[in-house]
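To keep things clear, I will list the structure first and then write my remarks on it.
Any read-out appearing in this document is the output of simple, stated calculations on the displayed coordinates, not a laboratory observation. Bear in mind the structure is a predicted one, so any value in this text is a computation, not a measurement. No Cβ is skipped: glycine too gets one built from the backbone with ideal geometry, and neighbour counts run over all protein chains shown.
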Amino acid sequence: MNILVIGSGGREHALVWKLCQSPQVKSIFCAPGNAGIEHLAKCVPLKPTDIKGLLKFAKEEKIDLTVVGSEQPLVEGLVDAFEERGFKIFGPSKAAAQLEGSKVFSKKFMLRHYIPTAKYRSFAAAEINEAKKYINTIEPPLVVKADGLAAGKGVLICKNRQEAVVALNDIVINKAFGSAGNQIVVEEFLTGEEASLLVLTDGERFVTLASAQDHKCILDGDLGKNTGGMGAYAPAPIVTNELLQRVIHEVIHPTLDGMKQEGIPYRGCLYIGLMMTPDGPRVLEYNCRFGDPETQVVVPLIDGDLAEIFLAIAERRLDSSKVKLHSATAVCVVMASHGYPDEYQIGKQIFGLENIKAEDGVMVFHAGTKTEGSAIVTSGGRVLGVTAIGFNNELEQTIHNAYRAVEKITFDGAYYRSDIGKKALKYLHTK
Ligand code: AMP
Ligand code: GLY
């Protein structure tokens, strides 16, 4: 098989790494890739949203299977364009990608199919005054969301009603997120711990991957600003088998059946962001793709041929019995540039990567890196996802291994959280 992976982050590096292990894969390309992916795949300088350019490339290189990493091209209809021309592709159609592309769509969908989620109302921009009245009916804190894609920034948690009014004005009047704010969702604030569940599905059949937990805040103890994700671990002990069965019953089945009933079957990876509330699991959000950095910890735990699994999904013939999970633990610590998620500098040389050995159960998935001469330098806010995989290890040991590897890597201004995975230990220690 000739495979094309679309994207350039740690998620895509982890996907390329796993796909390379498939005996079926003859050559693998990545558009546009990064300095880590370059070692495994031929990187081609095409943007993920350049649908025409990607199609032309797929034709020229006789690509047998395309795998899409990020949401923007999915929401813009990349999968539809490929399938219309007879190319096999892993990912949801434009209509199905609305589960992430429109929060109003996904909230209404959940309501129609009795899928547990936060109580809400949605409004068009012209109904801002209605939205302000609705705010008075919800106990703070409350949550204001822009409808469309906003690079992970469109959700505003408001401590009180005044903050919620400011948030509404920002989204609707100041157009803080552009046209993503043409509609808004106002919803109740849910309490509990979050978990991510990634589901692979061909629209009929599905498998759940290991549960995971992201660490979205920049500082230890989940403090400070929101980021793209500072680390993750899997499996997440908060998702007990009993809770997983509830999520399958109350969320996954109704979601996949509902999409099918509505004539827009969901194929690809469905990311379900959950809040484990005292009243049970509630859906915070759907994403129409693999999570980042969850992929870096969840994909290494798949015991199977990922190229075959993705191809089977593209061909609507997933055999869930062929997807097994290793009984292992994985921990990814993100090393970021000083200043991230605000302004940061790039072009800093990265040292010590040669000290990390896959044989020791550690993989460094690159995110914001590029090659400059013989050096690898930083080129983004999140730079590396240092990932330990412990086949025989308890989570505590795997956390330790990840941090031991982190200490061997340096670049000017490197920053990382020191408590990735710590939240899980309380569940393990009280067992
Ligand atoms: P979303 O893009 O909808 O997942 O929101 C991003 C993040 O905002 C989530 O991962 C949660 O941390 C937080 N969030 C979103 N909705 C709620 C809610 N109703 N209650 C509490 N936190 C929320
Ligand atoms: N880790 C959160 C996301 O991928 O959206």
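Ignoring everything except DSSP H segments at least 4 long, calculate the 222 nm mean residue ellipticity for the chain; use -39,500 (n - 2.57) per segment, divide by total residues, nearest 500. Before the final figure, lay out the partial values.
On the way: 14 runs with 117 residues, N = 431.
The helix-only estimate for the chain comes to -7500 deg cm²/dmol at 222 nm.
Explain nothing, just the number: dipole magnitude of the chain about its Cα centre with +1 on each Lys and Arg Cβ and -1 on each Asp and Glu Cβ, in debye rounded to the nearest 20. Numbers along the way, then the final one.
Numbers: 48 positive and 51 negative charges, 100 e Å.
Rounded to the nearest 20 debye, it is 480 debye.
Using unit Cβ charges (K, R positive; D, E negative) and no other charged atoms, how large, in debye to the nearest 20, is the dipole of segment 1-140 about its Cα centre? Provide the component values of the computation, followed by the final result.
Values: 20 positive and 15 negative charges, 58 e Å.
Roughly 280 debye for segment 1-140.
How much net charge surrounds ILE376 when only the other residues with a Cβ under 12 Å from the Cβ of ILE376 are counted, with Lys and Arg +1 and Asp and Glu -1? Provide the component values of the computation, followed by the final result.
Details: positive: LYS348, LYS370; negative: GLU38, GLU354, GLU372.
Its environment carries a net charge of -1.
Taking a 31 Å limit on the Cα-Cα distance, which of the listed pairs LYS94/LYS422; LYS108/LYS153; LYS132/LYS422 fall beyond it? Write out the running numbers ahead of the final one.
Values: LYS94/LYS422 38 Å; LYS108/LYS153 21 Å; LYS132/LYS422 39 Å.
Correct reply: LYS94/LYS422; LYS132/LYS422.
In segment 279-325, what trypsin sites (Lys or Arg not before Pro) fall in a loop by DSSP, with at most 13 other Cβ atoms inside 10 Å?
Details: sites: ARG282, ARG289, ARG316, ARG317, LYS322, LYS324; in loops: ARG289, ARG316, ARG317.
Qualifying residues, ordered by number: ARG316, ARG317.
Go through GLY361, SER337, SER327 and say which Cα lies farthest out towards the positive end of the charge dipole of segment 292-431; charges sit on Cβ, +1 for Lys and Arg, -1 for Asp and Glu.
Value: SER327.
Can you return the lysines within cross-link range of LYS42? Criterion is Cα-Cα under 19 Å, with same-chain partners fewer than 8 residues away left out.
Excluding near neighbours in sequence, the set is LYS18, LYS26, LYS56, LYS59, LYS62, LYS370.
Name the shape class, rounded, prolate or oblate, that the alpha-carbon gyration tensor gives for the chain, where a ≥ b ≥ c are the square roots of its eigenvalues, rounded holds for a/c under 1.5, and otherwise prolate holds if a/b is larger than b/c and oblate otherwise. Display every interim value, and only then the final one.
Details: a/c = 1.37, a/b = 1.21, b/c = 1.14.
Rounded.
Would you grab the residues whose amide H sits under 5 Å from the one on LYS348? Only those 5+ places off in sequence or on another chain, please, with H modelled 1.01 Å from N.
For LYS348, the qualifying residues are THR378.
Tell me, how many Å apart are the Cα centres for segment 292-344 and for segment 137-188?
So the two Cα centres are separated by 31 Å.
Name the lysines eligible as straight-distance cross-link partners of LYS423: C-alpha to C-alpha under 17 Å, and not fewer than 8 places from it in the same chain.
Reachable lysines: LYS216, LYS431.
On a straight-distance basis, which aspartates and glutamates could pair with LYS324 in a cross-link, Cα separation under 15 angstrom, same-chain partners fewer than 8 positions away excluded?
Counting by Cα, and skipping residues close in sequence, LYS324 has these aspartates and glutamates nearby: ASP303, ASP305, GLU308.
Give the residue from PHE90, ALA167, PHE206 lying farthest towards the positive end of the charge dipole for the chain; charges sit on Cβ (+1 for Lys and Arg, -1 for Asp and Glu) and the dipole is referred to the Cα centre.
Most positive-ward Cα: ALA167.
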